Amino acid sequence: MEYRERILVVEDEQSIRSFISAILRVNGYEVIPAENGSQALTLVTSRCPDLVILDLGLPDMDGSSIIKFVRNWSQMPIIVVSARMQERDKVEALDLGADDYITKPFGPSELTARIRAALRHAGGISGGVQEGSVRCGELTIDYDKRRVFVSGRDAGLTQVEFRIVAYLGAYAGKVVTYDRLMREIWGPGMKGGNQILRVNMANIRRKIEISPAEPRYIFTEAGVGYRMADIDP
Ligand code: CA
């Protein structure tokens, strides 16, 4: 029998919990529902889920304390569910070790794409050091040649631009915060906000996107960071 990945769904609103659970079951996952934080803390240790979907706004505790608890002993993927206008909470959750987030309201395909990306990374793809090449539509990131191609043509990225795209590509499908990207590319000492990152991203988009204002490969997550489209399987 095929192994079914087990997902803990922590959500106090019954309608959303049922909605998420139904999507997951249809997609072949086993669902463990939890309606508050204390249930979640018990189930996360007793049932050993492969992934946690976590609503940040719970009646009995802040969802971020569950992230802290889990990260003391496990790297299991955690996808945070947040309401709109909670940008700071999302960033805090990512800084505490959540892998990704999804904003209400969301659809089934968005949810399952996030889950696949998170489980793929948990399966051992480590960010940063990649070999070979990955494709995403017409975009190819060639990690060996350290070049990016669009429809087979060299996009002519600078080394810094390449490193940004390479890093996002290593986490394709997942959000990468501005802070994390800044640290990764320029080191922890870089001061002066994200301006240098934004300038580089504008240049990257001019080189790889057909219409930089409507990107197909690298999306901006307002107030949080960037997300590269899922790579082709
Ligand atoms: Ca809630």
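Can E13 be described as surrounded by fewer than 19 Cβ atoms within 10 Å (Cβ to Cβ) and within 16 Å of the ligand (Cβ to nearest atom)?
It is true that E13 is surrounded by fewer than 19 Cβ atoms within 10 Å (Cβ to Cβ) and within 16 Å of the ligand (Cβ to nearest atom).
Go through the residues of the range 115-131 one by one and say whether even a single one is without any contact (Cβ under 8 Å) to a residue 24 or more places away in the chain, farther than 21 Å from D230 by Cβ and away from the ligand (no atom under 16 Å from the Cβ).
Taking every residue of the range 115-131 in turn, none turns out to be without any contact (Cβ under 8 Å) to a residue 24 or more places away in the chain, farther than 21 Å from D230 by Cβ and away from the ligand (no atom under 16 Å from the Cβ).
Mind listing just one residue for me: the one in the range 1-41 that is part of a loop (DSSP other than H, G, I, E, B) and aromatic (F, W, Y) and, of those, farthest from R71 (Cα to Cα)?
Going through the qualifying residues, I end up with Y3.
Has the range 66-73 got at least one residue that is crowded, with 18+ Cβ neighbours inside 10 Å, modelled with pLDDT of 95 or more and within 16 Å of the ligand (Cβ to nearest atom)?
yes
Which residues, taken from the range 16-32, are open to solvent by less than 60 Å² (accessible area, probe 1.4 Å), more than 18 Å from A118 (Cβ to Cβ) and within 16 Å of the ligand (Cβ to nearest atom)?
I16, R17, S18 - these are the residues of the range 16-32 that are open to solvent by less than 60 Å² (accessible area, probe 1.4 Å), more than 18 Å from A118 (Cβ to Cβ) and within 16 Å of the ligand (Cβ to nearest atom).
Would you call E35 open to solvent by 50 Å² or more (accessible area, probe 1.4 Å) and under 16 Å from V80 (Cα atoms)?
Judged against the criteria, E35 is a match.
For residues that are away from the ligand (no atom under 13 Å from the Cβ) and part of a loop (DSSP other than H, G, I, E, B), scanning just the range 42-65, find the one that is modelled with the lowest pLDDT.
C48
State which residue is farthest from D55 (Cα to Cα) when the search covers only the range 75-97 and only residues that are assigned to a loop (DSSP other than H, G, I, E, B) and within 16 Å of the ligand (Cβ to nearest atom).
M85
The values are calculated or read from the model by the stated rules, or taken from the named source; none is laboratory data. Because the structure is predicted, anything quoted here is derived from the model rather than measured. Counting neighbours? That spans all protein chains shown, and the Cβs are built from the backbone with ideal geometry, glycine included. Just the protein is used for accessible areas: all its heavy atoms, side chains included, with ligands, DNA and RNA removed. Shrake-Rupley method; radii C 1.70, N 1.55, O 1.52, S 1.80 Å.
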